[in-house]
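Asks: This is the structure I have questions about; it appears just below.
The values are calculated or read from the model by the stated rules, or taken from the named source; none is laboratory data. In this text, all values refer to a predicted model and were calculated from it rather than measured experimentally. FYI the Cβ positions are ideal-geometry reconstructions off the backbone, even for glycines, and counts take in every protein chain you see. For accessibility, only protein heavy atoms count, side chains too; no ligands or nucleic acids. Shrake-Rupley method; radii C 1.70, N 1.55, O 1.52, S 1.80 Å.
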Amino acid sequence: MNILMIEDNHSVCEMMAMFLKKQNWQYEFAYDGVEAEEKFNAAPDKWDVILLDLNLPKKDGMQVAADIRRVSPTVPLIMLTARDTESDQVLGLEIGADDYVTKPFSAITLIARIKALYRRSQLAKQPAEQPGTADRDFDVKTKNFRMNTKTREVFLYDQQIDDLTPKEFDLLKTLASKPRQVFTREQLLQLVWDYEYYGDERTVDAHIKKLRQKLEDLGPQVIKTVWGVGYKFDDEAD
């Protein structure tokens, strides 16, 4: 795995270098926003995971995240931030971060987050089966929705959705696999992210918002909020 860690605190970088080396991962550091973009843009396909601090000199981490997403919509991106306000964290997720870790953080926890995110991204990259009878076998089907989890084809109201991130795909699959069942945010964190966020429900809310935006022009909204409980998938309404 190739890791690009964008962090201006050299002590944090030195600490993480020990853990990344122990995993036998390749890694490079960038210490400000300008250097980060130069390294990323020089070889966008090189990086398997980006670790991005939000408080950076020369160029703010939020802007760096937005610029990275314009080049690569799918490269796994984890924010590292000392900012603990809800608006900052939700904004980062809406810009395109897949996950975030609040400082001070445990290196072991961060390594676990990297592995979980990388595993999901690799599943998304698995090649589809060769064309044949199997590539139209939709294993998640409701009244107006079809999903083939092997070819990663998704149709809603007979219109194909082809711009889902790995997390959005997994979130939609989880909800649509059990239509009209209400999932709490805690359940979705465990099922989609593979680990608990210790009550941090904003991660789910931010991804639901992004997913709804991609579905809203296709027809009636299928991801419904159950107030005080969570979310459900329901495409039965006409």
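Asks: What does the extension gain come out to for A17 and Q160, with contour length at 0.36 nm per residue minus their alpha carbon separation?
Replies: 47.2 nm
Asks: Taking the Cα atoms only, what angle lies between the long axis of helix 202-215 and the longest principal axis of the chain, rounded to 10 degrees?
Replies: 50 degrees
Asks: Quick one: dipole size for the chain, taken about the Cα centre, charges +1 on Lys/Arg Cβ and -1 on Asp/Glu Cβ, in debye to the nearest 20.
Replies: Details: 33 positive and 41 negative charges, 121 e Å.
About 580 debye.
Asks: Report ³J(HN,Hα) in whole Hz for each residue of region 175-189, in order, from the Karplus equation J = 6.51 cos²θ - 1.76 cosθ + 1.60 where θ = phi - 60°; Gly and Pro get x.
Replies: Karplus-based 3J(HN,Hα) across region 175-189 equals 5, 6, 5, 9, x, 6, 7, 8, 9, 6, 4, 4, 5, 5, 4 Hz.
Asks: Between 0 and 90 degrees, rounded to the nearest ten: what's the tilt of helix 61-71 against the longest Cα principal axis of the chain?
Replies: That works out to roughly 60 degrees.
Asks: Distance cut-off 29 Å, Cα to Cα: go down the list K58/K173; K59/K224; K22/K209; K150/K178; K46/K150 and report the pairs above it.
Replies: K58/K173; K59/K224; K22/K209
Asks: On C-alpha positions alone, give me the angle between the axis of helix 107-125 and the longest principal axis of the chain, in degrees, nearest 10.
Replies: The answer is roughly 50 degrees.
Asks: Along the Cα-to-C-beta direction of K58, a point sits 7 Å from the Cα; which residues of region 6-40 have their amide N less than 12 Å from that point?
Replies: Only 7-8, 30-40 pass the distance filter.
Asks: So who's got an amide H within less than 5 Å of the one on V101, skipping anything under 5 residues away but keeping other chains? H placed 1.01 Å off N, in plane.
Replies: M79, L80, T81
Asks: With a 1.4 Å probe and all protein chains kept in place, how do E216, E153 rank by accessible area, largest first?
Replies: Result of the area sort, largest leading: E216, E153.
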